[in-house]
Structures are given as structure tokens and as C-alpha cells.
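What follows is one structure encoded as C-alpha cells, with my remarks underneath.
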Amino acid sequence: MRILSAMLVISALAGAATACGPSRPSANASVASLPPYEGRATELFNDGLDPAVVGLTMEKPIYRGDLLFRERCQAAEHVARMKITTVTEGTNDGKKTITLGFATVERLAGATPPSTIEGAFGAASPSFGLIDRMQGKLQGKLVVVTWRTFRQDEQAVTHVFVAPDDPEVVGAVHENVALVELSK
């Protein structure tokens, strides 16, 4: 809950909007078989970035026991420690976007992740203002990324959530995935 509150405060201060922006399509996904990007999926994989990634927190993030993060980990196709390798500005329909390139460092949960992915953060992303203002501090950061590919506008689109690379976060991922295994 503290993480969500911090994200809302930072987003409001940065002037970020509250909807989400899509990432680049996955090359191998069969679009028709993908789940639609709607309902709860838009909350879990909202193209958000925890302000703790760039050191903007009043207190240490607590991911263990965070029910939203638990659900993200359990619903994700992939959860991995990744390094932000590129930060690129562009436009989509005349609106500014920022694309973060991620390189896989370590698989934490889900299927074996690809070696690289990209996450596009448009003006409608809850973290766009933060990412836009902190671009210079993002490249080279180690982070934990949860992501899933959805059907959106008849295309395969990958949506992400980016958390700090912290023992608390990594431990929470392992615990959340173990809960699924125990329930089988």
C-alpha cells in the first residue's frame, strides 16, 4: 500500500496521467490466443515504474505481503532481473513516448525470458512523468520486471511493471511463485 501511495504522489507531482501505454508487440505471439488487455490486467501490467527504482521513496519499499505485487507475479508470463540498457524518446500518434530497453540478467519466475525486451511508456502511463524527468538516471539500473503479452487492438502488445532490484523484491517474487506451487 505504501508503494502505491508513493507512486500516486510522485505521479501527481510529475503531472503523469492515470492510464497505461503499450509496449512493443511480441514477435511470436499468436494474437487470437492472447488474453485481451482489459479489466484487472490493466491494473496488474500498467506500464508502471516504482519510484524506488530511481531512489524517490520516503521509506524502503515493502513487496512481501503486497497483494497487488503477488497477483502480478502469479499472472506474469515472465519475471526477471533486468538491466535497463537503453532509454529512447519517440512519438506515437503525435504524442511523446519513452521506450526502455531491458536485457535479461536472471530469470526469477515464469517461462524462460527472451534476452531483451522493450517497454514503451506513453503519456497515458502512470509513470510517464517520472520516467520523462528521470531519463538520465535509468540507463544501467538493475530492476525486476514483470510482464505479459496481451491482445490489444488486434495486435500482440507487451505490458510491464518495473520494480527496484532489491532483496525484498526478489524474495517476494520467490515467495509469491511458491504460493502458486503449494496450491496445486
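FYI, it's all coordinate maths here, none of it is from the lab. Since this is a predicted model, take the numbers as computed values, not measurements. Cβ: placed from backbone, ideal geometry, glycine included. Neighbour counts: every protein chain shown.
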Estimated distance in nm for a label pair at Glu118 and Glu154, the labels positioned 7 Å out from Cα along Cα-to-Cβ: 2.3
Highest-first arrangement of 111-120, 85-94, 130-139, where packing means the average Cβ count within 10 Å: 130-139, 111-120, 85-94
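If you add up the charges near Val54, with Lys and Arg at +1 and Asp and Glu at -1, over every other residue whose beta carbon is less than 14 angstrom from its beta carbon, what do you get?
On the way: positive: Arg133, Lys137, Lys141; negative: Asp50, Asp132, Asp165, Asp166.
Neighbourhood net charge equals -1.
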Charge dipole (debye, nearest 20) of the range 92-184; +1 at Cβ of Lys and Arg, -1 at Cβ of Asp and Glu: 200
Positive-end residue, the range 122-184 charge dipole about Cα centroid, Cβ charges, pick of Trp147, Val177, Ser127: Ser127
Relative contact order (%) - the range 73-128, alpha-carbon pairs under 8 angstrom, separation at least six: 35
Pair Thr42, Ser30: separation of 7 Å Cα→Cβ label points (nm): 2.8
Proximal charge balance of Ala32 [Cβ under 15 Å; K/R count +1, D/E count -1]: -1
Euclidean distance of C-alpha centroids, the range 28-93 and the range 145-184, integer Å: 7
Backbone N under 19 Å from the Glu106 label point (7 Å along Cα→Cβ), restricted to the range 53-82: 53, 61-64, 73-74, 78-82
